Amino acid sequence: MSESRSPAPPARPAGPGAPSGAAATSAVATHCPYCALQCGTWLGREDGTVVVRPSDFPVNRGGLCQKGWTAPALLDTPVRLHNPLIRDPRGTLETAGWHQALDTVADRLRRIRDAHGPDAVAVFGGGGLTNEKAYLLGKFARVALGTSRIDYNGRFCMSSAAAAGNAAFGVDRGLPFPVGDLDDAEVILLAGANPAETMPPLMRHLAGAELIVIDPRRTRTAETAALHLQPQPGTDLALALGLLHLAVTEGRMDEGYLHRRTVGFDSAWQRAVAWWPERVERVTGVPVAAQREAVRMLGEARRRYVLTGRGAEQHSKGTDTVAAFINLALALGLPGRAGSGYGCLTGQGNGQGGRELGQKADQLPGYRSIADPGARAHVAAVWGVAPQELPGPGPSAYELLDSLGQPGGPRALLVFGSNPVVSAPRAARITERLAALDLLVVADFMPSETALLADVVLPVTQWAEEEGTMTNLEGRVLRRRRLSGPPPGVRSDLDVLRGLAIRLGQPPERFPAAPHQVFEELRRTTRGGRADYSGISYERLDAGEALHWPCPAAPPGQPPHPGTPRLFLDRFAHPDGRARFRAVDHRDAAELPDGRFPLYATTGRALAHYQSGAQTREVPELLAAEPESYLEVHPDTAERAGLAEGELARISSARGTAVARVRLVPTLRADTVFLPFHFTADGRANLITSTALDPESHMPEFKVCAVRIEPWTATA
Ligand code: SF4
């Protein structure tokens with residue numbers, strides 16, 4: 001099952017959009033806990049069991065993938081954390097009371113901070129946290145701890161598209177149009193995105209279009225495509241330059257749009273002119289005829305889109321790669337035009353909101369730069385502190401994790417909603433760094449691999465037990481509603497932050513724990529920022545309004561702002577209203593195959609699992625569907641390595657070795673292998689991944705590294 005519809009919601013639903021006749025309140029309208037599509041659901045009880053049904057929400061229209069269908073299993077999973085845990089002197093995690101746990105954490109944080117300074121304490125957040133949690137976490141780090149050391153796992157997810165989007169358009173929002181606009185597309189180019197597995201209900205919005213899919217693998221999405229371009233890993237940028245070259249030389253440019261709405265084409269063309277089709281074929285492996293066909297399809301369609309995903313982003317040149325696809329879209333005249341456009345398919349449930357509300361190292365709430373004096377003054381005023389008390393920008397996620405326990409690096413780390421032991425590149429190294437800390441605190445609802453290393457574990461609420469908001473891939477702010485309160489012993493992350501802040505000497509009113517109160521403050525803080533939430537309220541959302549940011553507060557006496565479902569229709573967000581081309585050129589991946597490591601390895605997601613798998617590996621149906629790590633490999637490549645279908649393989653890179661079960665995939669490039677990154681122990685794909693970072697977004701190069709494969713033996 002990849003996606004299916006439900007015949008009916010659970011009994012007696014109520015809430016915005018409830019089917020007519022709904023009267024009672026045993027079911028709530030909410031959203032799936034996982035990916036950025038944020039499918040609408042009804043959550044209720046039938047015969048005492050929590051059940052989920054898809055709602056007719058615009059992004060999923062009655063569909064869910066198997067992750068969404070099975071999400072209620074997380075609510076009563078046997079491994080659920082129900083009490084704080086403190087590691088005792090023997091190294092065992094023992095049950096503790098909340099007061100004891102929070103006192104312990106605050107006391108140890110204070111001592112570390114007093115001895116080594118505020119940057120000796122670091123915070124690592126997550127792209128699945130609600131807007132309220134992400135906001136309060138950023139404030140907690142900067143105000144209660146005074147540290148610049150805060151970043152989040154969204155850095156691994158969409159930061160390259162954010163950097164490229166900001167540079168091109170003046171603002172970064174995953175999709176600058178509603179998902180439903182894709183329904184009328186004639187042609188869609190998907191560069192490094194596999195929604196058939198990562199967000200299956202999105203596929204119904206793509207069903208009317210001819211798809212051009214760029215992916216080294218013949219994914220389920222590629223199987224549905226009219227045209228599949230299969231470049232060598234790490235060469236998407238050369239391919240994008242080649243497509244721009246052909247768009248120009250074959251007369252597909254929109255000259256009027258270029259003149260009216262953009263600047264910088266000439267400098268971008270100076271680079272693309274050198275990427276003629278035959279050269280592109282030599283570098284990427286994509287035949288000239290296929291390049292021409294892609295440009296013909298895009299050029300002849302009236303309603304067309306260019307969409308990028310992690311496959312374009314997770315490179316040491318990910319920002320330039322996304323910029324090259326934006327250049328192509330601009331040359332064709334797509335962004336900011338009704339019926340066409342460019343967008344990025346975000347990954348994590350609240351990757352968008354998590355970034356713009358202040359848990360990224362260089363940003364303050366409202367998508368403001370932490371280095372901007374005006375932004376600092378505004379945010380500091382709302383927070384009731386002096387601007388100079390706010391720290392400056394800190395290191396990015398991998399750099400932060402890599403510095404833990406090092407001389408001059410953080411001695412304590414607080415982790416909220418993230419599992420870097422599995423999700424960070426060069427995972428064994430990061431595990432060592434975590435172990436070198438004086439204090440590791442993890443707030444989670446599951447005993448993730450990172451939580452199991454912690455000195456203190458704080459059990460917190462999950463999706464169906466909490467109120468809040470999320471911001472989906474189209475910049476639409478959504479209400480997360482709780483079906484019931486948390487189980488005994490569990491507190492919300494907001495409660496935890498408030499409890500720690502008070503213990504660290506902060507006034508209680510500065511750290512509210514009620515989601516509604518936090519959102520009201522967040523509205524004031526984002527006011528006037530690029531991601532302006534000031535006109536959005538729980539009341540408007542609960543009344544069923546579809547509100548996409550920016551949604552500024554209306555002046556007194558004026559009707560409320562309707563939100564902005566479509567950005568850029570009149571102008572881009574740069575002061576002159578024009579989009580920017582960016583002069584980019586191809587360069588090799590940081591690591592290429594050689595005699596010792598002769599193959600490319602690329603990593604990604606599988607249909608049944610989500611991110612580090614800490615949640616989905618605990619759902620029986622999902623674990624049964626995909627129980628262990630696997631290695632996709634071409635049959636010829638496997639034979640040369642002495643591997644057969646179903647055997648265990650060792651996959652080694654310069655950083656480490658992973659173990660996975662062989663799957664022979666004849667459609668895969670013979671020079672490339674693939675591993676999903678959801679698994680644990682020696683199945684962790686990130687044991688082998690590269691730590692090369694994009695110089696601008698600081699996103700790691702998860703999509704390319706050089707490896708060797710061989711049969712696994714217990715003694716090897
Ligand atoms: Fe929808 Fe994503 Fe949840 Fe699947 S995982 S049901 S696509 S929100």
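The values are calculated or read from the model by the stated rules, or taken from the named source; none is laboratory data. Quantities reported herein were computed from a predicted structural model and do not represent experimental measurements. Glycine also receives a Cβ, built like all others from the backbone with ideal geometry; neighbour counts cover every protein chain displayed. With ligands, DNA and RNA removed, areas are computed over all heavy atoms of the protein, side chains included. Shrake-Rupley method; radii C 1.70, N 1.55, O 1.52, S 1.80 Å.
Could you work out the helix-only [θ] at 222 nm for the chain, with each DSSP H run of four or more residues adding -39,500 (n - 2.57) and the total divided by the number of residues, to the nearest 500 deg cm²/dmol?
Working: 24 runs with 202 residues, N = 716.
Theoretical 222 nm ellipticity from helices: -7500 deg cm²/dmol.
Calculate what fraction, in whole %, of the accessible area of the stretch 599-711 sits on carbon and sulfur atoms when a 1.4 Å probe is rolled over the protein chains.
52
Once amide H atoms are placed 1.01 Å from N in the peptide plane, what residues at a sequence separation of 5 or more from Glu186, or on another chain, have their amide H within under 5 Å of its amide H?
Residues meeting the criterion, in which the H sits 1.01 Å from N, are Arg303, Arg304.
Could you please report the charge total around Gly347, scoring K, R as +1 and D, E as -1 over all other residues with beta-carbon less than 9 angstrom from its beta-carbon?
Neighbourhood net charge equals +2.
Ordered by packing density, taken as the mean number of other Cβ atoms within 10 Å over each peptide's residues, highest first, how do 319-327, 545-553, 480-488, 623-631 rank?
Highest mean packing first, the order is 319-327, 545-553, 623-631, 480-488.
I'd like the carbon and sulfur percentage of the solvent accessible area for the stretch 368-467, probe radius 1.4 Å, heavy atoms only, ligands and nucleic acids excluded.
53
List the GluC sites (Glu not before Pro) within the stretch 645-716 that fall in a DSSP loop (any state other than H, G, I, E or B) and whose Cβ has at most 15 other Cβ atoms within 10 Å.
Glu645, Glu647
Sum up the charges of everything whose Cβ sits under 12 Å from the Cβ of Leu390, counting Lys and Arg as +1 and Asp and Glu as -1, but leave Leu390 out.
+2
Can you list the residues, at least 5 places off or on another chain, whose amide H is less than 5 Å from the amide H of Ala660, using H built in the peptide plane?
For Ala660, the qualifying residues are Ala649, Ile651.
Quick one: grab the alpha carbon gyration tensor of the stretch 657-709, order the square roots of its eigenvalues as a ≥ b ≥ c, and give me rounded if a/c is under 1.5, else prolate or oblate depending on whether a/b is larger than b/c. Display every interim value, and only then the final one.
Numbers: a/c = 2.37, a/b = 1.44, b/c = 1.65.
Oblate is the answer for the stretch 657-709, as a/c is 1.5 or above yet b/c matches or exceeds a/b.
Relative contact order of the stretch 599-711, please, whole-number percent, based on alpha carbon pairs below 8 angstrom and at least 6 residues apart.
Normalised by residue count, the contact order of the stretch 599-711 is 37 percent.
Of the peptides 606-616, 131-141, 330-340, how do they stack up when ordered by the mean number of other Cβ atoms within 10 Å, highest first?
131-141, 606-616, 330-340
Which whole-Hz ³J(HN,Hα) couplings does the stretch 76-83 yield from phi under the Karplus relation 6.51 cos²θ - 1.76 cosθ + 1.60, θ = phi - 60°, glycine and proline marked x?
Each residue of the stretch 76-83 in turn: 10, 4, x, 8, 4, 7, 10, 9 Hz.
If packing is taken as the average number of other Cβ atoms within 10 Å across a peptide's residues, how do 431-437, 242-248 rank, most packed first?
242-248, 431-437
Note down the relative contact order for the stretch 177-263 as a percent, whole number, built from C-alpha pairs under 8 angstrom at least six residues apart.
21
Determine ³J(HN,Hα), in whole Hz, for all residues of the stretch 642-656 in sequence, where each value follows from phi through the Karplus function 6.51 cos²θ - 1.76 cosθ + 1.60 and θ = phi - 60°; x replaces Gly and Pro.
x, 10, 10, 3, x, 7, 8, 10, 8, 10, 10, 10, 5, 9, x
What is the chain's relative contact order, in percent, from Cα pairs under 8 angstrom and six or more apart in sequence?
Relative contact order of the chain: 18 percent.
Do any of Lys67/Lys133; Lys67/Lys139; Lys139/Lys317; Lys67/Lys317 go past 29 Å between their Cα atoms, and which?
Result: Lys67/Lys139; Lys139/Lys317; Lys67/Lys317 exceed 29 Å.
Calculate, for the chain, the solvent-accessible area per residue in square angstrom, rolling a 1.4 angstrom probe over the heavy atoms of the protein chains.
33
Share of antiparallel DSSP beta bridges in the chain, in percent to the nearest 5?
Counting only bridges with both partners in the chain, antiparallel ones make up about 45 percent.
Tell me the carbon and sulfur percent of the accessible area for the stretch 159-345, rounded to whole percent, probe radius 1.4 Å.
Ligands and nucleic acids excluded, carbon and sulfur give 47 percent.
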